Amino acid sequence: MALRITDECINCDMCLPECPNTAISEGKKVYEIDAHRCTECVGFYEAPTCMAVCPINCIETDPEHVEDKAQLLEKFKALNII
Ligand code: SF4
Ligand code: SF4
């Protein structure tokens, strides 16, 4: 499933350059994740790299975008044209 950023985000910019799918952007209030681009880092890393760098742990799974690993891998392939 894709991840989402909660309202607790402090806009520190740590996560944005780390996303291999360029799924993170500056939102109107806090940073946002594009669910159509987030693969939970499947295809690149073992674990979500944005979660690893966020200093306040305000990135969580998004229950509105439930996907299993196979679906995330398909999304990765589509995004990266492999
Ligand atoms: S989990 Fe990975 S792909 Fe998804 S937003 Fe975070 S860094 Fe990007
Ligand atoms: S690393 Fe965390 S606090 Fe910083 S911009 Fe990203 S989501 Fe917000």
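The numbers here are math on the coordinates, done by the rules we state, and not lab data. Computed from a predicted model, the values in this text were never measured in an experiment. Cβ sites come from the backbone with ideal geometry, for glycine too, and all protein chains shown count toward neighbours.
Could you run the Karplus curve 6.51 cos²θ - 1.76 cosθ + 1.60 with θ = phi - 60° over the range 7-24 and give me ³J(HN,Hα) per residue in whole Hz, x for Gly and Pro?
Each residue's phi maps through the Karplus curve to give 5, 6, 3, 9, 6, 7, 6, 5, 7, 3, x, 8, 6, x, 9, 6, 8, 9 Hz.
For a protection proxy built on the mean count of beta-carbon atoms within 10 angstrom, sort 12-18, 47-53 highest first, please. Don't jump to the answer; show the numbers that get you there.
On the way: 12-18: 14.7, 47-53: 16.7.
Sorting 12-18, 47-53 by mean packing, highest first, produces 47-53, 12-18.
For the range 49-59, what does the Karplus curve 6.51 cos²θ - 1.76 cosθ + 1.60, with θ = phi - 60°, yield as ³J(HN,Hα) per residue in whole Hz, taken in order and with x for Gly and Pro?
Values, residue by residue: 6, 5, 4, 5, 9, 5, x, 10, 6, 9, 10 Hz.
In whole Hz and in residue order, list the ³J(HN,Hα) couplings for the range 32-43 that follow from phi through the Karplus curve 6.51 cos²θ - 1.76 cosθ + 1.60, θ = phi - 60°; x for Gly and Pro.
Along the range 32-43, the couplings run 10, 10, 7, 4, 6, 10, 7, 10, 6, 6, 4, x Hz.
On a 0 to 90° scale, report how tilted helix 69-80 is relative to the longest principal axis of the chain, with both axes built from alpha carbons and the result rounded to the nearest 10.
Once rounded, one gets 90 degrees.
Taking K and R as +1 and D and E as -1, what net charge do the other residues with C-beta under 15 Å from the C-beta of Asp7 add up to?
-2
Give me the three principal axis extents of the chain from the C-alpha atoms, as integers in angstrom, largest value leading.
Extents along the principal axes: 34, 24, 22 Å.
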